[in-house]
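Working notes, beginning with the structure itself.
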Amino acid sequence: MNDDFTVVLVTGEGGDAQGWGNMEVTNHVKAAIERNGVRCRIVLAENREELVNGLQKGACSIVWSSLYFFSGRGDIVGIPADAEWISDILDEMKIPYIGPSGKTMKNLIEKFDTHEVMARALVSVPKHTLCPPADPATIDYFPAFVKPNGESRSVGISDRSVVQNTKELIDQVRFIQTELQQAALVEEYLPGREYTVLVIGNGKTREILPGRVTVEASHYGKYPILRSDLRGVGLTHISIPTEHREEAVALAARACDALHCEDHVRIDMREGADGKLRIMEVNGIPGLKPVKSWSPQIYALYHPSDDPYTALIGAIISAARV
Ligand SMILES: Nc1ncnc2c1ncn2[C@@H]1O[C@H](COP(=O)(O)OP(=O)(O)OP(=O)(O)O)[C@@H](O)[C@H]1O
Ligand SMILES: [Mg+2]
């Protein structure tokens with residue numbers, strides 16, 4: 001190993017909404033990288049110029065970005081039509097980066113595109129329709145689930161996301177379009193257990209670690225779904241699943257292969273009415289808050305040690321380095 005190997009962490013205003021976190025989380029990631037004996041520096045950037053300058057200012061062997069693109073928004077992902085993608089800039093500069101390729105990142109951030117790639121590869125996803133272009137009045141599968149096509153942290157998700165008829169569906173699609181200024185993704189409602197699967201590494205050393213996600217029943221309203229008010233407040237619990245374990249691993253592997261995921265992704269899935277798992281989404285830059293985020297929590301369950309966070313960050317860096 002080359003001792004001058006330097007990881008450059010990139011973050012900015014959208015870091016928490018889009019990727020693994022804001023400046024506070026970035027400092028934790030940096031410290032963990034350094035505890036692995038690897039050099040690290042941070043570039044805070046809000047536009048192309050700041051990123052290019054920051055990268056050129058010092059050593060840079062590989063970039064690890066918390067941003068998909070520059071947005072100036074910390075509250076929602078809200079993909080602008082003229083988004084400037086970090087991966088495009090890094091590809092132009094011929095700088096390698098941790099995580100999936102730019103093409104895969106773009107497929108992952110829009111859930112309809114992710115579903116389409118997986119459906120073509122016969123990976124199990126819910127029935128799904130994007131509005132627009134589709135007219136919500138033509139959708140005929142109920143109960144259905146309506147969510148924003150490109151958000152995270154359950155933004156836009158409440159009990160009203162589960163719709164039982166055309167009127168409720170049209171109202172919720174309109175809500176997503178006006179409140180979040182984006183297309184609504186309508187899916188078949190998946191009523192069963194929820195899982196999130198951590199995938200780290202590539203090829204033969206890839207590790208696929210499923211977690212069961214639960215919330216104490218009294219916190220649910222009408223439906224057992226992870227509403228936005230249940231996220232990020234310490235109410236979700238992750239455990240090693242007793243059911244669906246092999247199915248979740250096999251499904252995650254096929255999804256990663258279909259989408260060409262790399263280094264670190266997290267795949268959310270739920271059980272459909274038929275008892276089989278379907279993928280809800282693949283997170284291309286999963287959260288890395290030391291205690292709260294699901295990747296560190298799952299890793300700690302499968303690799304208990306004094307400092308599983310440092311081990312997780314080390315595993316991701318090692319996977320990306322080879
Ligand atoms: N088709 C569905 N049927 C039932 N519940 C669903 C469905 N899609 C999403 N949900 C619920 O909404 C939550 C958020 O959905 P999803 O994981 O697609 O979006 P997200 O906000 O991007 O999440 P993340 O923060 O993990 O990126 C899920 O964890 C799940 O509880
Ligand atoms: Mg999710």
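Taken together, the values in this text are just the output of simple stated rules run on the coordinates, not laboratory data. Please read all numbers here as calculations on a predicted model, not as lab measurements. With ideal geometry, Cβ positions are generated from the backbone for all residues, glycine too; neighbour counts draw on all protein chains shown.
Structure data summary
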{"item": "Within segment 258-294, backbone nitrogen closer than 11 Å to the virtual label 7 Å beyond the Cα of residue 24 toward Cβ", "result": "290"}
{"item": "Segment 15-75 versus segment 104-140: alpha-carbon centroid distance in Å", "result": "30"}
{"item": "Volume of the Cα convex hull of segment 6-97, divided per residue and given in Å³", "result": "76"}
{"item": "Potential lengthening between residue 243 and residue 306 on full extension [0.36 nm per residue; Cα-Cα distance subtracted]", "result": "19.9 nm"}
{"item": "Tail weight of P(r) past 18 Å, computed on alpha-carbon pairs of segment 187-322, percent", "result": "54"}
{"item": "Relative intensity, log₁₀ I(q)/I(0), of the chain from a Debye sum that treats every alpha carbon as a point, q = 0.08 Å⁻¹", "result": "-0.35"}
{"item": "Considering only the chain, percent of DSSP beta bridges that pair antiparallel, nearest 5", "result": "75"}
{"item": "Inter-part distance where segment 274-308 and segment 218-257 are each reduced to a Cα centre, Å", "result": "10"}
{"item": "Normalised contact order of the chain, rounded percent, pairs of Cα under 8 Å and 6 or more residues apart", "result": "19"}
{"item": "Pairs beyond 30 Å (Cα-Cα), from 127/289; 147/204; 94/127; 167/292; 127/167", "result": "127/289; 147/204; 94/127; 167/292"}
